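Since every read-out is calculated from the coordinates, none of them should be taken as a lab result. For clarity, every value in this text was computed on a predicted model and none was experimentally measured. Here the Cβ positions follow ideal geometry from the backbone for every residue, glycine too, while neighbour counts run over all protein chains shown.
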Amino acid sequence: MNIVIKFIYLLFHISILLIFNSFLKYSFADNINIYSYEKGNFIRLLLSNKKNFLSNSFILDDPPRLVVDINNIDSFSKNNFNNKLIKKIRASKTNDKARIVFDLKLPIKNFKKTIITGKDDNYTLLIDLNLLSDQGDFSNNYNKNIIVIDAGHGGPDPGAVRNNIKEKDLTLSAAKLLEKELLKKNFKVYLTRNSDRYIKLRNRVKYARNKSADLFISIHADSTLNKKTNGTSIYSLSEKASDKLSQALADRDNKSDLIAGLDLDDLDKGVSDILIDLSRRETKNSSINFAELFISYLGKQKFNLLRRPHRQAGFAVLKAPDVPSVLIEMGFMSNNSDLKKLTNPEFQKILMINVANIIEKYFLSIK
Ligand SMILES: [Zn+2]
């Protein structure tokens, strides 16, 4: 991943008029729009049309390039060419077949193609390319990732309170401990708050998105009427809330800030829906993967976990469409044994050392 993790988006819009061949019996795919965005050494290309089109795509080495052949196309579009990983795009046509060649600046590590049929018959060929970095793959350093840590509550909102102990203070000290551990591992770390102040939930999410975070971790301490309930747990966004969110995003009029760096206003509705859906799904899966890693790791360290420790809910702070997000409940303030641990700086420190190790493991696993 890149130091500055951000999506570079562009809409190719050259009109290459291909000679209309009246002998063709096939229906034409008319204009194919090509969209592209980059993140680190990753390129995603979308070739989209209102109708189904026949295509074949493959990669070639020396020099590295992606070739896409499309049958019976009138024209395709590109504009504003400033993609960092694509050197050049070439197009040619023989008979009824158009060939588009993307010359790449770096060798290809892997290549994946998927066909997506969206709403209103919108047809999209999705191509993902992972390139090797120029200093070899190992320089692609995981610890350049950006983590936003969110200490729950703050200011006039104390969170749970017991025996004069306030959740907002426990979350802040834990957040600072986690920051320290992550800095030791050379991560880039931001805290939504580092003092006793209140921040609206949606602004915490906004902050993570503005920082182009690769991971958002909200820290809390739980409380419940049943004083026996105890143990650490983790939340990711529920399926239902995630679906609803996709829908809300897709329906919203002004989508320009939806997916970092992507100006979705310029896109066809069908294509922007696909992009939103993809981003939402990938974010959700990453959040789930993180939560599962968290549970298995702490389980191996014999940490006391809540029964069914990975839970899903519609928490507002988990709703960034493009930042994997989890909420950690360190333990229950309503449980005597947990409260004793939570107020013990040594316990907090050990827990946060483990969380930092899990974060490191997580980024290594998705490299
Ligand atoms: Zn809380």
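Scanning the stretch 203-227 for residues that are surrounded by fewer than 16 Cβ atoms within 10 Å (Cβ to Cβ) and either farther than 27 Å from K361 by Cα or within 13 Å of the ligand (Cβ to nearest atom) (or both) gives N203, T224, L225, N226, K227. Any idea which residue in the stretch 157-179 is surrounded by the fewest Cβ atoms within 10 Å (Cβ to Cβ), counting only those that are away from the ligand (no atom under 14 Å from the Cβ) and assigned to a loop (DSSP other than H, G, I, E, B)? That would be N164.
Taking the conditions exactly as written (part of a loop (DSSP other than H, G, I, E, B), away from the ligand (no atom under 15 Å from the Cβ), more than 19 Å from the chain's Cα centre (by Cα) and surrounded by 20 or more Cβ atoms within 10 Å (Cβ to Cβ)), does N230 satisfy them or not? Let's see the steps before the verdict.
Values: part of a loop (DSSP other than H, G, I, E, B): yes; away from the ligand (no atom under 15 Å from the Cβ): yes; more than 19 Å from the chain's Cα centre (by Cα): yes; surrounded by 20 or more Cβ atoms within 10 Å (Cβ to Cβ): yes.
Spelling it out, N230 is indeed part of a loop (DSSP other than H, G, I, E, B), away from the ligand (no atom under 15 Å from the Cβ), more than 19 Å from the chain's Cα centre (by Cα) and surrounded by 20 or more Cβ atoms within 10 Å (Cβ to Cβ).
Among the residues here, S195 qualifies as surrounded by fewer than 19 Cβ atoms within 10 Å (Cβ to Cβ) and either polar (S, T, N, Q) or part of a helix (DSSP H, G or I) (or both).
Contact annotation: residue pairs with Cβ atoms under 9 Å, 6 or more positions apart or on different chains, pairing a residue in the stretch 203-228 that is over 26 Å from N357 (Cα atoms) with a partner that is of a type in the set (V, I, T) and within 16 Å of the ligand (Cβ to nearest atom), are N203/T192; S223/V161.
Taken over the stretch 279-307, the criterion of being over 20 Å from N145 (Cα atoms) and touching a residue at least 60 places away in the same chain (Cβ under 8 Å) is satisfied by I295, Y297, L298, F303, N304, L305, L306, R307.
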